[in-house]
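To start, the structure itself, in structure tokens.
No lab work stands behind these numbers, since they all come straight from the coordinates. Just so you know, these numbers come straight off a predicted model, no measurement behind them. Every residue, glycine as well, gets a Cβ built from its backbone with ideal geometry; the counts of neighbours run over all protein chains shown.
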Amino acid sequence: MGAGAQVGSTGSDGTPTRPPRRSGWQAARIGRFFTLTGLIVHLTALTRQPFKRLSPLLAALFLLAGCGSVIDADQARICRAVAPALHGEDVEVLETSLNSVPGAPTALRYSYRVRSDSRTTPHWLICTFAAQTGVGRFDLTAVDTDQGTLSDIKLLILKRWWLSDAPPEGTMAALFHLGPRSAYWVQQALGGLVMTGVYGLIATGFSLVYGLLGRVNLAFGEIAVVAGTYMLIAVGVASDVGRLGPAELTLALLAGIASAALVSWLAGHMVVAPLAARVRSPQPVLIATAGLAITLAELLRLTAPDRVNWLPALMNRPIAVAGQDAFIATVTPAQLLAAGLSMCGTSLLLGIVAFTRFGLFWRAHAQDPRMAALLGVDVQRLRTQVFLLAGAAAGLAGGVIVIAFGTISPGDGLSITLKALISAVIGGIGSVPGAFLGAALVAAVEIGWSSTFDIAYRDVVTYALLVVFLVMRPGGLLNRAAPTPREF
């Protein structure tokens, strides 16, 4: 077992070699597809094009679950580092493919070519790990190659004296050449996309409920945490059954969204609607939903040790977007996927409110509840739909957080709730497009302040922004100052 050439470091002639562009991009296609599709759908909804044009795009999102590959990035890094150790120092290792092994949830197959002088030969190896999740996913238990299986002694030497000192993976060349300052702001903008989507989804939930009942549900942030928690539970169950793939992750996300919609429906019918009908003041609903948020947070905190609380490192190999040697802005496929999902979600909500019978009934009830009932609007059914839809929006926000950051913690809901509520108020509470515009403004202020000034004062500036809008423009960006109507 030789020292081997370093993948993506130097070749046999001492010149730097670039990692193959194909590496990591198969998983990245998912994120790029969702992000670009989200932008298209969002622009379509905002410009009021016929809603039926959305259906092919939305169908494509679900069909996407059956293609692509989702591979643990840490396991992929370890498996790539094995190949150079099996060959001499004067060869160059070129990656061909890295795929999961059917029927072996903890194994990866790495195909590559070894180039020495003018000769190139194909090889492959299969890395088997102790587990898919937890600490066991770092434990390499077996290596099978086209020359045979490594013995226990060779495997021990490989792990002890080669993998522990293996150099980090190289990065791709940036897609766009920008100066360090411009690349820095590109990096900040990429980071703000996810939070814009999270704030926008939950702010939309606030607007839907407020437009219907004139009340604010302060538990939406914790409902998002519930969705993220159930998504992680579903991921843990899927990991015990087989390898995680796009279909399993999609089902886990849908499980989280369904759990959030159910909790929102229960909270709406058992807390928000009864109090809104019984008491004219909005304060009892605020107090009751704040208590519900605390209850959910404590319940999740007490049960945290009994479940998996981290998503495996999937689709997190950085992609160089813009910059040069001094600074390169990067993004991971997971971040692209999270941003695309949030944009698709907000765009779908905009389209539902603008172009469906539900949206027509919601706007009619928001403008004049009694007249809407007299004209045949089923108020109870409409309320059920609103609670479910608002909960699903919060659930998607929780799933987006898990995909982008790997976890979500009990208690995170308070901060999310406050930022989303500020977004809804700034946009004009009761207005669905205003909620998204407010979320974009809040996220931009947070990113801009954190990138330029002391981050410790970021929340102070955000809350001060709310005060400025309440004083200078109480109706928000879309000037929804009057209690009615709240048309689209």
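Structure data summary
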quantity: In sequence order, calculated HN-Hα J values of segment 228-243 (Karplus, 6.51, -1.76, 1.60; Hz; x Gly/Pro); calculated: x, 5, 5, 5, 5, 4, 5, 5, x, 5, 5, 5, 6, 8, x, 6
quantity: Modelled FRET efficiency - R0 30 Å, residue 101 with residue 407, Cβ distances, 0.05 increments; calculated: 0.65
quantity: Segment 429-449-segment 97-124 distance, computed between alpha-carbon centres (Å); calculated: 47 Å
quantity: Residues residue 280 and residue 468, FRET efficiency given R0 of 35 Å [Cβ-Cβ distance, rounded to 0.05]; calculated: 0.75
quantity: Net charge over other residues, Cβ less than 10 angstrom from the Cβ of residue 297 (K, R count +1; D, E count -1); calculated: -2
quantity: Spin-label proximity, residue 154 to segment 73-88 - amide N less than 20 Å from point 7 Å beyond Cα toward beta carbon; calculated: 78-88
quantity: Highest-first arrangement of 83-93, 143-153, where packing means the average Cβ count within 10 Å; calculated: 83-93, 143-153
quantity: Relative contact order of segment 180-472, pairs being alpha-carbon contacts under 8 Å that are 6 or more residues apart, as %; calculated: 37 percent
quantity: Contour excess over end-to-end distance, with Cα ends at residue 295 and residue 77 and 0.36 nm allotted per residue; calculated: 74.4 nm
quantity: Where N is the number of residues in segment 180-472, Cα Rg divided by 2.2 N^0.38 Å; calculated: 1.02
quantity: Peptide ranges 203-216, 352-365, 253-266 listed from the most packed, as the mean C-beta count within 10 angstrom indicates; calculated: 203-216, 253-266, 352-365
quantity: Extended-chain gain in nm, criterion 0.36 nm per residue less alpha-carbon gap, residue 117 and residue 460; calculated: 117.3 nm
quantity: Extended-chain gain in nm, criterion 0.36 nm per residue less alpha-carbon gap, residue 373 and residue 307; calculated: 19.2 nm
